[in-house]
Amino acid sequence: MTGRGVDQVLPYPCAPRIYEPAARSANEYVQLAERANGRILRQVSFEYPWGAALAEIRSAAPVIYLVNLETAITHSEDFLPKGINYRMSPDNAPCLASAGINCCVLANNHVLDWSEAGLIDTLDNLRKLGIQAVGAGTDAVEAASPAIFSADQNRRVIVFAVASVTSGTPENWAAGENRPGLNVLREFSDATALRFARQIMHLKRPEDIVIVSIHWGANWGYFIPQDQVHFAHRLIDEADVAVVFGHSSHHAKRIERYRHRLILYGCGDFLNDYEGISGHEEYRDDLVLLYALDFDTSSGEPQKLELVPFQIRRFQLVRPSLQDVVWLERTLDRESRAFGIAVRLQPSGRLLAECI
């Protein structure tokens, strides 16, 4: 969520005017963060928000670094009156490339905050940076098309993305035959799962690794609706999906191992401008995770999942205290243990999610 307050401290911010019931300037979010954790410099470097995470990312050198980008990249002033509208300046977009991100999911409930013009700008700006976008497009065909990466000579990583209406994504944001928009998921029915699975299988080769990104559910709470569970299982059953990458919740949620595949029901935010905002402190949304996933080179199955913990302080990712890391360990282990995954703190300071 590199828009709004985060955008304001980067070198070339958008005009700060916003249209929220409780705020009229994006700088109000900077001020909230400063009251909570101290002064934030202005015109920080593009690398600044990533802080301590940069060393981890560069050391891993991933084939694909996938994020859900929950902001438009635009100077458009054509905001939709929906209460919260995220945008970042196109001139600050190199912030994304500086972290090594090479794939952005746009199927979420904020990428159309600044109307179709804002979405078109976002697509264009990511293209200029050489970052693949998935889950949105200039028409329905583009919005439904996956991002494809070469993992080795014979294997590809294929990323599909959908935004469920349960996340607050309006149904009328769906792309049309000649209308820009998102790849919208209207229901978690068996029929919908089977249609989606057929689309995947039409493209998938036996050796390919398929990741399905789903923006679904509420922002807060650990409860996972049974229809989400069933839908994720059907995608694995019918299309051999390797990973269901779920997001929308502002905090991390359950991890499940199902038929040697992974379901991440909610990865939480990785960066936001929520410092100083009260109301959901029990979920510790200031504690965030980088999900580092290795695949078996022969089978293509998810093999090792490590969770690298960070804390957001002054709009930057820093190392958390041991006490905070232990809180994350206990919370995720509690939520995941009944679903085949134990979460354990390693001497490296990372959390290892392993099969029970």
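So which residues in region 275-303 are closer than 22 Å to F315 by Cα, without any contact (Cβ under 8 Å) to a residue 60 or more places away in the chain and surrounded by 13 or more Cβ atoms within 10 Å (Cβ to Cβ), if there are any at all?
Correct list: R284, D285, D286, L287, V288, Y291.
State yes or no: is L332 touching a Leu at 6+ places or on another chain (Cβ under 9 Å) and within 22 Å of I101 (Cβ to Cβ)? Even if it seems obvious, please write down each step before you answer.
Working: touching a Leu at 6+ places or on another chain (Cβ under 9 Å): yes; within 22 Å of I101 (Cβ to Cβ): no.
No, not satisfied.
If the requirement is being charged (D, E, K, R) and modelled with pLDDT under 95, which of these qualifies: D296, D333, D286? Let's see the steps before the verdict.
Working: D333 fails: modelled with pLDDT under 95; D286 fails: modelled with pLDDT under 95.
Every option except D296 fails the conditions.
Suppose we filter region 10-38 for residues that are touching a helix residue (DSSP H, G or I) at 6+ places or on another chain (Cβ under 6 Å) and assigned to a helix (DSSP H, G or I); how many remain?
Total satisfying the criteria: 3.
For the list (1) of a type in the set (K, R); (2) at pLDDT below 95; (3) under 16 Å from the mean Cα position of the chain (by Cα), I need the number of the one condition that K82 fails.
(3)
I'm trying to understand the selection: among the residues of region 116-173, which are outside any strand (DSSP E or B) and of a type in the set (S, T, N, Q)? It would help to see each step written out before you state the result.
Initially, region 116-173 is screened for residues outside any strand (DSSP E or B), giving 116-131, 135, 138-146, 151-155, 165-173.
Once the filter is applied, which keeps residues that are outside any strand (DSSP E or B) and of a type in the set (S, T, N, Q), region 116-173 yields T122, N125, T138, S145, Q153, N154, T166, S167, T169, N172.
Within region 308-325, track down each residue that is of a type in the set (K, R) and either surrounded by fewer than 19 Cβ atoms within 10 Å (Cβ to Cβ) or within 17 Å of the chain's Cα centre (by Cα) (or both). Talk me through it step by step, then tell me what you get.
The first filter runs over region 308-325 and keeps only residues of a type in the set (K, R), leaving 313-314, 319.
R313, R319, listed by residue number.
Check whether at least one residue in region 91-98 is touching an Asp or Glu at 6+ places or on another chain (Cβ under 6 Å), among the hydroxyl-bearing types (S, T, Y) and part of a helix (DSSP H, G or I), and report yes or no.
Looking for residues that are touching an Asp or Glu at 6+ places or on another chain (Cβ under 6 Å), among the hydroxyl-bearing types (S, T, Y) and part of a helix (DSSP H, G or I), one finds at least one in region 91-98, hence yes.
Which of the strands (runs of 3 or more DSSP E) found entirely inside region 177-278 contain at least 1 residues meeting this: out of contact with any strand residue (DSSP E or B) (no Cβ under 8 Å at 6 or more places or on another chain)? Before the answer, list the steps.
Numbers: elements: 209-215, 243-247, 255-258, 261-264.
Counting at least 1 such residues, we get 255-258.
Out of all the residues in region 253-266, is one or more modelled with pLDDT of 95 or more, touching a helix residue (DSSP H, G or I) at 6+ places or on another chain (Cβ under 8 Å) and over 23 Å from I158 (Cβ atoms)?
Yes: region 253-266 contains one or more residues that are modelled with pLDDT of 95 or more, touching a helix residue (DSSP H, G or I) at 6+ places or on another chain (Cβ under 8 Å) and over 23 Å from I158 (Cβ atoms).
Taking region 39-83, which residues are surrounded by 14 or more Cβ atoms within 10 Å (Cβ to Cβ) and assigned to a helix (DSSP H, G or I)?
Result: Y48, P49, W50, A53, L54, E56, I57, A60.
Assuming A292 fulfils every condition listed in (1) in a loop (DSSP other than H, G, I, E, B); (2) in contact with an Asp or Glu (Cβ under 7 Å, 6 or more places away or on another chain) apart from one, which condition is it?
All conditions are met except number (1).
Say whether the condition of being in contact with a helix residue (DSSP H, G or I) (Cβ under 8 Å, 6 or more places away or on another chain), of a type in the set (D, E, K, R) and within 27 Å of P302 (Cβ to Cβ) is met by at least one residue in region 203-210.
So the first thing to find is which residues in region 203-210 are in contact with a helix residue (DSSP H, G or I) (Cβ under 8 Å, 6 or more places away or on another chain), and the list is 204, 210.
Pick out the ones that are also of a type in the set (D, E, K, R) and you get 204.
Retained after the next criterion (residues that are within 27 Å of P302 (Cβ to Cβ)): 204.
Within region 203-210, one or more residues are in contact with a helix residue (DSSP H, G or I) (Cβ under 8 Å, 6 or more places away or on another chain), of a type in the set (D, E, K, R) and within 27 Å of P302 (Cβ to Cβ).
So which of A136, A117 is out of contact with any strand residue (DSSP E or B) (no Cβ under 8 Å at 6 or more places or on another chain) and either hydrophobic (A, V, I, L, M, F, W, C) or within 23 Å of D208 (Cα to Cα) (or both)? Reasoning before the result, please.
Values: A136 fails: out of contact with any strand residue (DSSP E or B) (no Cβ under 8 Å at 6 or more places or on another chain).
Being out of contact with any strand residue (DSSP E or B) (no Cβ under 8 Å at 6 or more places or on another chain) and either hydrophobic (A, V, I, L, M, F, W, C) or within 23 Å of D208 (Cα to Cα) (or both) holds for just one of A136, A117, which is A117.
Which of the numbered conditions does P206 fail, given that it passes all the others? Conditions: (1) without any contact (Cβ under 8 Å) to a residue 24 or more places away in the chain; (2) closer than 16 Å to G135 by Cα.
The failed condition is (2).
The values are calculated or read from the model by the stated rules, or taken from the named source; none is laboratory data. Here the structure is a predicted model, which means the values were calculated and not measured. For neighbour counting, all protein chains shown are included, and Cβ atoms are generated from backbone atoms with ideal geometry for every residue, glycine included.
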